[in-house]
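Note sheet for the following structure.
No value in this document is a laboratory result; all are computed from the given coordinates. Just so it is clear, the model here is predicted, and its values are computed rather than measured. A quick note on method: Cβ atoms are made from the backbone with ideal geometry, for glycine too, and the neighbour counts reach across all protein chains shown.
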Amino acid sequence: MESIKLYKWLGRWLSGRILYIGDQLLMMDGHGAVETASEEDIPNARVVVVGKAHYFETVKHFPFNKTREIKSAVLLDQNAYSPFSTTRCFIRKIHQTDDGATVNLWFISPEAAGVLEKQFISLVIPETALFSFHSGHSSRIYEVDLNGQFLLSWVGNNGAVQSLRSDNDGTDLDAFRRSIGRDAAACPVAKITGQKDYAVFLSETISGLPFNGLYPFANFNPNSVSLDSRMLKRGIYGAAASFAIYLTLSMAMPYCVEKRLEKEDTAISAQSVEWVEKQNEIDLAVKKQNKLADPINAYPSKYMLMTLLLKVMTPEARIIQMTVSNNRAEIRGEAPSATDLLTTLSETGGIRNAQFISPVRKESKTGRDMFTLSFEFNEKK
């Protein structure tokens, strides 16, 4: 009973001061109060929630189960998993079998990582990771509206997270369901509107977090690519203290120190053999993973292209056939005005060299323009 009370008290304490890193820094409390945060407010935060605008998330499968090995694989070839370099990456295992493990990866942007490096904060969680804790083991879609900035996030039964952020009201829930697939077709939608309601939602979710699942989000930065200066200083001080203790003991008890060093040397030698074997296994697994991942990473994202077309095409326009080769797409379809559609595509970020590749003709029955056009697209836009 006392442990349950302590658990609830700790959850309420964590949710009492939440720093939200979005388009601006916000400080939230457990009652839904939201105010703009300053640099001086950062040390007072107990939990940091990183907004979708400041990280890249993905779901990947690895041919091994240990989180330590997955971290090593990610750090060895970060460019294969993230569109940008970062010092912060969070990994949460969502499913594993004898053949390997599936994990959610969150790569924090350099801007947000810079905020995290300034102060020591107990817990750092991407906001879509919180949705997976809130939904439990049920599939659900979360629709968040923060003053015209929309966030759609799907959480699967196993905790896998996929999300989409939009800065306008053009986010299409049905299109988002289709992009996820059959698993999202009939799952319920939880809508959250306004910063106050969102602050209450985050606070309630954090206060009920299972502590056995928080290890991937602890702020001791286990996935950092570079050493934190504070941790480096602690390491130097610790090494100096260890040397002083060693020197004192070696002078006072030379025989005992010699025997102890001999035992340590034997243990380290035995352990080194195990480390070398394990490193060889990791290197082999990484090579296999890279070989399997190269064709997939080189393949253009149909989801990003379809999302872009859904935003720019009018409801009356219809795609009859689409062919994609590398980063070039060819579309055959009909629209009220093919010229207007070509103009819209030419002015859209991520699309270039849009042109008709056959004459536009008018359909006599419908009065619509029948067109065939092609363009190049950049899936990272």
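If amide hydrogens are placed 1.01 Å from N in the peptide plane, which non-local residues have theirs closer than 5 Å to the one on Ala190? When sequence neighbours closer than 5 places are left aside, the close amide H contacts are Ile141, Tyr142, Glu143. Working note: Karplus 6.51/-1.76/1.60 with θ = phi - 60° gives the range 275-282 the couplings 5, 5, 5, 5, 5, 4, 5, 5 Hz, where Gly and Pro are set to x. According to the square roots a ≥ b ≥ c of the eigenvalues of the Cα gyration tensor, what is the shape class of the range 3-102, taking rounded for a/c under 1.5, prolate for a/b larger than b/c otherwise, and oblate for the remainder? It is oblate, given that a/c is not under 1.5 and a/b is not larger than b/c. Using θ = phi - 60° in the Karplus curve 6.51 cos²θ - 1.76 cosθ + 1.60, the 3J(HN,Hα) couplings for the range 44-50 round to 7, 6, 9, 9, 10, 10, 8 Hz; x is entered for Gly and Pro.
Residue-wise HN-Hα couplings along the range 20-30, as the Karplus relation 6.51 cos²θ - 1.76 cosθ + 1.60 with θ = phi - 60° gives them from phi, are 9, 9, x, 5, 8, 7, 10, 10, 10, 10, x Hz; Gly and Pro carry x. Annotation for Ser272 and Ile320: the two label points, set 7 Å from Cα along the Cα-Cβ direction, are 7.2 nm apart.
Which GluC sites (Glu not before Pro) does the range 346-381 hold that lie in a coil by DSSP with at most 13 other beta carbons within 10 Å? Intermediate results must be reported in sequence, preceding the final value.
On the way: sites: Glu347, Glu363, Glu376, Glu379; in loops: Glu347, Glu363, Glu379.
Sites meeting the loop and neighbour criteria: Glu347, Glu363.
Please label the shape of the range 302-377 as rounded, prolate or oblate, based on the square roots a ≥ b ≥ c of the eigenvalues of the alpha-carbon gyration tensor (a/c under 1.5 means rounded; beyond that, a/b larger than b/c means prolate, else oblate). Don't skip to the answer; put the middle values down first.
On the way: a/c = 1.73, a/b = 1.58, b/c = 1.09.
Because a/c hits 1.5 or more and a/b exceeds b/c, the range 302-377 counts as prolate.
For q = 0.16 Å⁻¹, what log10 I(q)/I(0) does the range 60-211 give under the Debye formula with an equal point scatterer on each alpha carbon and no solvent? The Cα Debye sum returns log10 ratios of -1.07.
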